[in-house]
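The values are calculated or read from the model by the stated rules, or taken from the named source; none is laboratory data. All values reported here derive from a predicted model rather than from experimental measurement. Cβ: placed from backbone, ideal geometry, glycine included. Neighbour counts: every protein chain shown. SASA here: full protein model, heavy atoms, side chains in, ligands and nucleic acids out. Shrake-Rupley method; radii C 1.70, N 1.55, O 1.52, S 1.80 Å.
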Amino acid sequence: MRKVLGIDVGGTGIKGNLVDIDTGQLLGERLKIKTPSKSTPTNVLGVMNELIEHFEWKGKPIGVGFPAIIKNGKTMSASNIDNSWLGFSARKFLEKGTDCSLNLVNDADAAGLAEMHFGEGKGVKGTVILITLGTGIGSGVFKDGVLIPNVELGHLKWKDKVLEKYMSNKVREINNLSWKTWGKELNKGLAHIDFLFSPDLIVVGGGISKKFERFSDYINGTKCKIVAAKMKNDAGIIGAAMSYTLLQSTSKE
Ligand code: BGC
C-alpha cells in the first residue's frame with residue numbers, strides 16, 4: 001500500500017489524514033487544526049508540523065492542497081490566506097521546514113483529482129468541473145480526465161466584485177442567508193459557468209457538499225447534471241495526497 005499524508009490548507013481549518021493513494025481510502029481519523037489568524041508561511045508551517053508529529057510522519061511523503069494558484073511550486077495568489085504567500089517559493093519552504101518530501105497543489109484541483117479517480121467524475125468523458133464552496137470558491141476543471149490546473153472560477157467577475165464574494169459558504173454564514181436566498185444566487189453563478197463551458201458534469205465540493213440536499217432544489221439553471229462530491233469535504237485531503245505521485249513532476253520549481 002502506498003501511503004501519503006494529505007493536508008488540506010483552508011481559510012478556516014488545516015486538515016490532515018493518511019491516505020492510501022491507490023484506493024483513495026482514508027486511514028484512521030483526520031485531524032483538523034484552526035488556521036492561524038495570521039496565516040503567514042511560518043504560522044502555517046507550524047500547524048503542518050503539528051500534523052506531521054500527530055501522524056508520526058517525519059521524513060515521509062506529503063501532498064498539500066493550498067487555496068491559491070500554484071505555479072512551479074510558487075503560490076501566485078492570496079485571496080483567503082496571508083498576502084505574504086504572493087509569489088512565494090512555498091513548496092521549497094514547506095519541504096525544508098517539514099523535512100518531508102512534499103508536493104503542493106491548488107486545493108480545488110486536489111479535490112477534483114480525488115473525485116475524478118474515485119468519486120463522481122470517475123469514467124466521465126468530456127468536461128467535468130468541480131466547484132468547492134467554502135471560505136472562498138475554488139474550481140477544478142478536467143477534460144477527458146486530464147486536469148487543466150489553476151482555473152479560478154471563484155474569481156469570475158460578478159456584479160461589482162467576483163463570484164466568491166456572493167456565493168461562497170462563508171458569505172451564506174456571515175450574512176445568515178436562508179438556503180433559498182443563497183441557493184438562488186448560487187444557481188445564477190452555476191448557470192453562468194454552465195453557459196461558458198458547456199460541461200458534461202458539475203460536482204459540488206467543499207464542506208457544504210454534506211448539505212447539498214438543502215439547496216439542490218434551487219440549482220435548476222444548468223443544462224448539465226450536477227451532483228455533490230462523493231467524498232464530500234474529504235476529497236481535498238485525498239486529492240492532495242494523490243497529487244504527490246500524480247502531479248509531482250509538473251509542479252516543481
Ligand atoms: C482561491 C482558489 C481556491 C479557492 C478555494 C479562492 O479564493 O483563489 O485558489 O481554490 O479560494 O479555497
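One table, with the values for the structure above:
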| quantity | calculated |
| --- | --- |
| The chain - mean residue ellipticity at 222 nm from DSSP helices (-39,500 (n - 2.57) per run, n ≥ 4, rounded to 500) | -9500 deg cm²/dmol |
| Cut-off under 5 Å, modelled amide H: who pairs with ASP82 long-range | SER39 |
| Label-point gap, in nm, between LEU45 and LYS188 - each point 7 angstrom along Cα→Cβ | 4.4 |
| GluC sites (Glu not before Pro) within region 56-148: DSSP coil, no more than 16 neighbouring Cβ in 10 Å | GLU56 |
| Charge context of LEU130, other residues only, Cβ under 9 angstrom, K/R +1, D/E -1 | -3 |
| Translational diffusion coefficient (Stokes-Einstein; Kirkwood radius from C-alpha pairs) of the chain at 4 °C, 1.567 mPa s, in µm²/s | 72 |
| Amide N of region 159-189 lying under 20 Å from the label point, which is placed 7 angstrom from the Cα of ASN220 along Cα→Cβ | 178-189 |
| Highest-fluctuation residue, ILE137, ILE148, ILE219 considered, GNM on the chain with Cα pairs under 10 Å | ILE148 |
| Vicinal HN-Hα couplings computed from phi for region 63-75 (Karplus, 6.51 cos²θ - 1.76 cosθ + 1.60; Hz; Gly/Pro x) | x, 10, x, 9, x, 7, 5, 10, 10, 6, x, 9, 8 |
| For region 1-148: rounded, prolate or oblate by the Cα gyration tensor [a/c cutoff 1.5] | oblate |
| Taking the C-alpha atoms of region 171-248, convex hull volume expressed per residue in Å³ | 116 |
| Accessible solvent surface per residue of the chain, calculated while the other protein chains remain in place, 1.4 angstrom probe, Å² | 45 |
| Neighbourhood net charge (13 Å Cβ-Cβ; Lys/Arg +1, Asp/Glu -1) for LYS180 | +1 |
| Alpha-carbon gyration tensor eigenvalues x 5, square-rooted, for region 43-86, Å | 23, 12, 7 |
| Per-selection Rg to Rh, region 122-229 - Cα, Kirkwood hydrodynamic radius | 0.94 |
| Solvent-accessible area, 1.4 Å probe, carbon plus sulfur percent, for region 122-229 | 53 |
| Antiparallel %, DSSP beta bridges [both residues in the chain], to 5 | 60 |
| Those trypsin sites (Lys or Arg not before Pro) in region 1-68 that DSSP places in a loop and that have at most 15 other beta carbons within 10 Å | ARG2, LYS38, LYS58 |
